[in-house]
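**Student:** Before anything else, here's the structure in question.
The values are calculated or read from the model by the stated rules, or taken from the named source; none is laboratory data. Keep in mind that what you see is a predicted model, and the values were worked out from it rather than measured. Here the Cβ is made from the backbone with ideal geometry for all residues, glycine too, and neighbour counts use every protein chain on show. With ligands, DNA and RNA removed, areas are computed over all heavy atoms of the protein, side chains included. Shrake-Rupley method; radii C 1.70, N 1.55, O 1.52, S 1.80 Å.
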Amino acid sequence: MSPNFKLQCHFILIFLTALRGESRYLELREAADYDPFLLFSASLKRELAGEQPYRRALRCLDMLSLQGQFTFTADRPQLHCAAFFISEPEEFITIHYDQVSIDCQGGDFLKVFDGWILKGEKFPSSQDHPLPSAERYIDFCESGLSRRSIRSSQNVAMIFFRVHEPGNGFTLTIKTDPNLFPCNVISQTPNGKFTLVVPHQHRNCSFSIIYPVVIKISDLTLGHVNGLQLKKSSAGCEGIGDFVELLGGTGLDPSKMTPLADLCYPFHGPAQMKVGCDNTVVRMVSSGKHVNRVTFEYRQLEPYELENPNGNSIGEFCLSGL
């Protein structure tokens, strides 16, 4: 990953390792007294399915991809803490407060964010999320237990918290619910296949893959016929109500990424592209007049593919072939 996409305090190590599906221990070198923590693989998720609810302590910097109950208890003042939650693409995440013991008057806080935010960049972007930015933050110190359960709008959510007094903290239960038409998704894995469907809804939907990838679009159904063109000028599909665009960049927010290609005509592919960016996004813009659908596969680029791009690559756009 590029330096621009790293957080201080090795925060990005948690983020990237969990997304790569690794099931191993990490050490947070900046805090030697932190215990290493286990990030769970798909096989372990299957083993835990149907068993007693999973429980473990929540750490000041954490990543969770399992349902269960998680408790944070401060052993000393913890002033800059956050935990990322991620589920399967076709799921919402519900965060339920079981117990909260923090001192809001003394400067403690516990906030849920609907999506992810890293170094000021949000996913989903403000353009793609159904709520205004201010409404995506739910502050326990303002709402208390009147909002005991908070459901995300997509497969990612996070909390920010600060606890000064040792012994104080909170307990959360994380659950997931089916999402029949997932709109904004961060992929847990560097390889996969997905169909993004927007059924007669005026909304924009992004599928984010935080790896350099080869992406193959096998099917695209839109409510009109036009053309496909690489994004070499300001001309493109933006004047059309329904289209798909491919974006690449080093950050999290799709609205701040570079448009690489526009797709604005129905076809049965494949159309294959190699994108050497830290983050690749397939984004569908829908007018609400049609049922739009795009199916694509993706796999992480091998190191030799990044080191030896082919001759028709566009390096400044991280794109290496169409």
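**Student:** Using a Förster radius of 30 Å, what is the FRET efficiency between His164 and Gln69 based on their Cβ-Cβ separation? Nearest 0.05, please.
**Tutor:** My answer for the efficiency is 0.80.
**Student:** Here's another thing I want to ask about it. Points 7 angstrom from Cα along the Cβ direction at Glu135 and Thr221: gap in nanometres?
**Tutor:** The two pseudo-label positions are separated by 3.1 nm.
**Student:** Going down the table (Lys111/Lys289; Lys193/Lys289; Lys122/Lys193; Lys122/Lys216; Lys119/Lys289), which pairs top 30 Å between alpha carbons?
**Tutor:** Those over the limit are Lys111/Lys289; Lys119/Lys289.
**Student:** Also: Non-local amide H neighbours of Tyr211 (under 5 Å, H modeled in plane, Pro and chain starts lacking H): which ones?
**Tutor:** Thr280
**Student:** So what are the ³J(HN,Hα) numbers for segment 275-287, from phi and the Karplus equation (6.51, -1.76, 1.60; θ = phi - 60°), rounded to whole Hz, Gly and Pro as x?
**Tutor:** With coefficients 6.51, -1.76 and 1.60, one gets 10, x, 8, 5, 9, 10, 10, 9, 10, 10, 9, 10, 7 Hz.
**Student:** Given an 8 Å cut-off on Cα distances and at least 6 residues of separation, report the relative contact order of segment 55-178 as a percent. Let's see the in-between values first.
**Tutor:** Numbers: 278 pairs, mean separation 56.7, N = 124.
Relative contact order, segment 55-178: 46 percent.
**Student:** For segment 77-169, run through the trypsin sites (Lys or Arg not before Pro) and keep only the ones in DSSP coil with at most 13 other Cβ atoms within 10 Å of their Cβ.
**Tutor:** Details: sites: Lys111, Lys119, Lys122, Arg136, Arg147, Arg148, Arg151, Arg162; in loops: Lys119, Arg148.
Counting only loop positions with at most 13 other Cβ atoms within 10 Å, the trypsin sites (Lys or Arg not before Pro) in segment 77-169 are Arg148.
**Student:** Same structure again: How far apart, in nm, are the 7 Å Cα→Cβ label points at Ser146 and Gln99?
**Tutor:** Roughly 2.5 nm, to one decimal.
**Student:** Suppose all protein chains stay in the model; what accessible area per residue would a 1.4 Å probe give for segment 55-178, in Å²?
**Tutor:** 42 Å²
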